[in-house]
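Asks: Have a look at the structure that comes next, please.
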Amino acid sequence: MSSLTGKPVSFWIDSTATTQYPALPNDIAVDVAIVGAGIIGITAAVRLKQAGKTVALIESKHLSTGASGHTTAKITSLHSLIYADLIKDLGEEKARLYAESNEAGIAQVVEWIEQEQIDCDFSRQNAYTFAESTENVDKVEAEAKAAISLGLPASFVKDTTLPFPIAGAVKFENQAQFHVRKYLLHLAKKIPGEGSYIFENTQVRGVENGTPCTIETDRGTLSAQEVILASNLPMLDRGLFFAKSYPKRSYIVGASIARDRAPEGMFIGTGENYRSIRTTPYNGDVLLLIGGEGHKVGEETQTEENYRKLEDYARDRFGIDTCDYRWSSQDMVSFDNLPYIGNLTPADNHVYVATGMSLWGMSKGTMAGMLLSDLILGIENPWAELYDSLRATPFVSQTSIKENMDVAIRWVGDRVKGLNKDLSDVAKGEGKLVTVDGDKVAAYRDESGTLHTVSALCTHLNCIVNWNSAEKSWDCPCHGGRFSCDGKVLNGPPLADLEKVDLS
Ligand code: FES
């Protein structure tokens, strides 16, 4: 079988500089500490600073290299198919608030790009959710009707610039796309100074609610009147958000295509094997981005196979020879389609959270940053109740019970994985689970032949990690934690690296 093509890195990260903000140097105090420097954290930090607060934005690695650095970066309130369901499940008033809040997120991004003259490959685009076969066309038509009834710029169409026929699509006009990391790095420059800071390579270990709150990191301690946790899934378990949502992984390939062969607009399909399609400026031509093959983290899928299917699609539908990029993204999906934005727990009245963006993080993430800054500034916000992080329903839904059962089954079932005791058949560049003296060990052999052995027990809640051969990482099937091939945390909720195991 042919090997995968393309650099295994997000185009957004590969085409921007590595940021060089300092780590937390010593104990400091600010009005608001914000953990996580993606679109939510940076939006909230800029708004709070503009309102006169001092802020500290704290990132465990580098700015916007997590979920925000791996998105398709569509800025739209057309979220696949959602409005007909929201009207049915929550009523028209709440569906309208959802629509308005996401449109407000788009407007905030556009306002800053214009005000600050941000060079970020921004363009206005129409967004489409399309049905290729007649099977899903009724749903698409119903979505168009629902969106129109809510005042959104929607219509039902049968023609697009895609190079293949479709049965129908819902079209939203005047949506937008950009280079997300160019946008966020520019915006972040507004944060440091006058008592405000950005700290990178600073891992938050714990947060205590209080007046002030105390934030423990691996570099020192901060105190802040208010704390925002904006690190995709909050690293603090006490809000139980890991059990109120599930991690979903999806894949993206990027391929150079001549401008005159590229479709105009942003697209997402319907049905099981849906694809996400958009373009972005690239070396004088454009880079065609194809996303899809989304699955719950922990479901058995072959990562290479997922990329291969996207490559095949790019080849069949757009005549692409090889890809230039491939990467995966991971986001938390909430059980009722609404993000959680508000306090971490009823007792944490100074600690706030935003999670569950459900793969539509550009408009929702901006909206979340706006809402969090309003909550902290005491400004009344009409979206607060809809997205209240402490709302009760999702935790007892049938879907969430099933998700938690799946986790429990994996926790038990995975104990029997890795019965192989032989380390000699771990090939160079590969990882394998082995059992040594009854302990599960995650063994990785690097290209020079050196073996790296760490405990296979995830440091979050002790599920057993799996080897991801395409991305050379150890992935936890329970709540989406990810570790590098030598056991360093890549993705929360785990806070600690996999424990080193000495087999000598
Ligand atoms: Fe929760 Fe690994 S992420 S147990």
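The values are calculated or read from the model by the stated rules, or taken from the named source; none is laboratory data. The structure displayed is predicted, hence computed values, not measured ones. No Cβ is skipped: glycine too gets one built from the backbone with ideal geometry, and neighbour counts run over all protein chains shown.
Asks: If you check Ala230 against the conditions, is it among the aliphatic types (A, V, I, L, M), at pLDDT 95 or above and over 26 Å from Gly481 (Cα atoms)? Break it down stepwise before answering.
Replies: Working: among the aliphatic types (A, V, I, L, M): yes; at pLDDT 95 or above: yes; over 26 Å from Gly481 (Cα atoms): no.
Taking the combined requirement at face value, the residue does not satisfy it.
Asks: Check Ala347 against each of (1) of a type outside the set (S, T, N, Q); (2) buried (at least 22 other Cβ atoms within 10 Å of the Cβ); (3) farther than 26 Å from Asp14 by Cβ and name the one condition it does not meet.
Replies: For Ala347, the exception is condition (2).
Asks: Only helices (runs of 4 or more DSSP H) wholly contained in segment 1-110 count here; list those with 2 or more residues that are under 29 Å from Asn209 (Cβ atoms) and within 17 Å of the chain's Cα centre (by Cα).
Replies: Numbers: elements: 11-14, 39-50, 83-90.
Filter on segment 1-110 gives 39-50.
Asks: Out of curiosity, is Leu451 under 28 Å from the mean Cα position of the chain (by Cα), surrounded by fewer than 21 Cβ atoms within 10 Å (Cβ to Cβ) and away from the ligand (no atom under 11 Å from the Cβ)?
Replies: Working: under 28 Å from the mean Cα position of the chain (by Cα): no; surrounded by fewer than 21 Cβ atoms within 10 Å (Cβ to Cβ): yes; away from the ligand (no atom under 11 Å from the Cβ): yes.
Criteria not met by Leu451.
Asks: Moving on. If we scan segment 477-499, do we find a residue that is basic (Lys, Arg), within 14 Å of the ligand (Cβ to nearest atom), without any contact (Cβ under 8 Å) to a residue 40 or more places away in the chain and not in a loop (DSSP other than H, G, I, E, B)?
Replies: Just the residues of segment 477-499 that are basic (Lys, Arg), to begin with: 482, 488.
Then drop every residue that is not within 14 Å of the ligand (Cβ to nearest atom), which leaves 482.
From what's left, without any contact (Cβ under 8 Å) to a residue 40 or more places away in the chain: none.
Looking for residues that are basic (Lys, Arg), within 14 Å of the ligand (Cβ to nearest atom), without any contact (Cβ under 8 Å) to a residue 40 or more places away in the chain and not in a loop (DSSP other than H, G, I, E, B), one finds none in segment 477-499, hence no.
Asks: Moving on to the next point. Run down Ser155, Ser123 and say which single residue is surrounded by fewer than 21 Cβ atoms within 10 Å (Cβ to Cβ), of a type in the set (S, T, N, Q) and more than 14 Å from Glu264 (Cβ to Cβ).
Replies: Values: Ser123 fails: more than 14 Å from Glu264 (Cβ to Cβ).
After applying the criteria, what remains is Ser155.
Asks: Can you find even one residue in segment 161-175 that is surrounded by fewer than 22 Cβ atoms within 10 Å (Cβ to Cβ), part of a loop (DSSP other than H, G, I, E, B) and touching a Gly at 6+ places or on another chain (Cβ under 7 Å)?
Replies: Looking through segment 161-175, at least one residue is surrounded by fewer than 22 Cβ atoms within 10 Å (Cβ to Cβ), part of a loop (DSSP other than H, G, I, E, B) and touching a Gly at 6+ places or on another chain (Cβ under 7 Å).
Asks: Now for a separate question. Across segment 200-234, what is the total count of residues that are part of a loop (DSSP other than H, G, I, E, B) and touching a Ser or Thr at 6+ places or on another chain (Cβ under 9 Å)? Can you show your working first?
Replies: Taking segment 200-234 as the starting set, the residues that turn out to be part of a loop (DSSP other than H, G, I, E, B) are 200-203, 209-212, 218-220, 230-234.
Narrowing further to those that are touching a Ser or Thr at 6+ places or on another chain (Cβ under 9 Å): 200-203, 209-210, 212, 218-220, 230-234.
Result for segment 200-234: 15.
Asks: Suppose we filter Lys190, Lys158 for residues that are under 26 Å from the mean Cα position of the chain (by Cα) and among the basic types (Lys, Arg); which single one remains?
Replies: On the way: Lys158 fails: under 26 Å from the mean Cα position of the chain (by Cα).
So the residue among Lys190, Lys158 that is under 26 Å from the mean Cα position of the chain (by Cα) and among the basic types (Lys, Arg) is Lys190.
Asks: Oh, and also: Let me spell it out: the conditions are (1) touching a residue at least 40 places away in the same chain (Cβ under 8 Å); (2) touching a helix residue (DSSP H, G or I) at 6+ places or on another chain (Cβ under 6 Å); (3) of a type in the set (D, E, K, R), and Arg278 meets all of them except one. Which number is the exception?
Replies: Among (1) touching a residue at least 40 places away in the same chain (Cβ under 8 Å); (2) touching a helix residue (DSSP H, G or I) at 6+ places or on another chain (Cβ under 6 Å); (3) of a type in the set (D, E, K, R), the lone unmet condition for Arg278 is (2).
Asks: Please go through (1) farther than 30 Å from Leu222 by Cβ; (2) surrounded by fewer than 24 Cβ atoms within 10 Å (Cβ to Cβ); (3) basic (Lys, Arg); (4) modelled with pLDDT of 95 or more for Lys53 and return the number of the only condition it doesn't satisfy.
Replies: (1)
Asks: Looking at segment 455-469, is at least one residue in a loop (DSSP other than H, G, I, E, B), within 11 Å of the ligand (Cβ to nearest atom) and within 22 Å of Glu305 (Cα to Cα)?
Replies: The answer is yes; a qualifying residue exists.
Asks: Just the residues that are part of a strand (DSSP E or B) and without any contact (Cβ under 8 Å) to a residue 40 or more places away in the chain, please, taken from segment 239-275. Spell out how you get there, then give the answer.
Replies: In the first step, residues of segment 239-275 are kept if they are part of a strand (DSSP E or B); the result is 245-257, 266-269, 275.
Residue satisfying the conditions is Arg275 alone.
Asks: Related question: I'd like the full set of residues that are modelled with pLDDT of 95 or more and within 16 Å of the ligand (Cβ to nearest atom), limited to segment 240-270.
Replies: None; the set is empty.
Asks: Also: Hey, among Asn337, Asn273, which residue is surrounded by fewer than 19 Cβ atoms within 10 Å (Cβ to Cβ), of a type outside the set (Asp, Glu) and out of contact with any His (no Cβ under 9 Å at 6 or more places or on another chain)? Steps first, please.
Replies: Working: Asn337 fails: out of contact with any His (no Cβ under 9 Å at 6 or more places or on another chain).
The unique qualifying residue is Asn273.
Asks: For the subset of segment 92-120 comprising residues that are closer than 17 Å to Ala147 by Cα, of a type in the set (A, V, I, L, M) and without any contact (Cβ under 8 Å) to a residue 60 or more places away in the chain, which member is surrounded by the fewest Cβ atoms within 10 Å (Cβ to Cβ)?
Replies: Ala99
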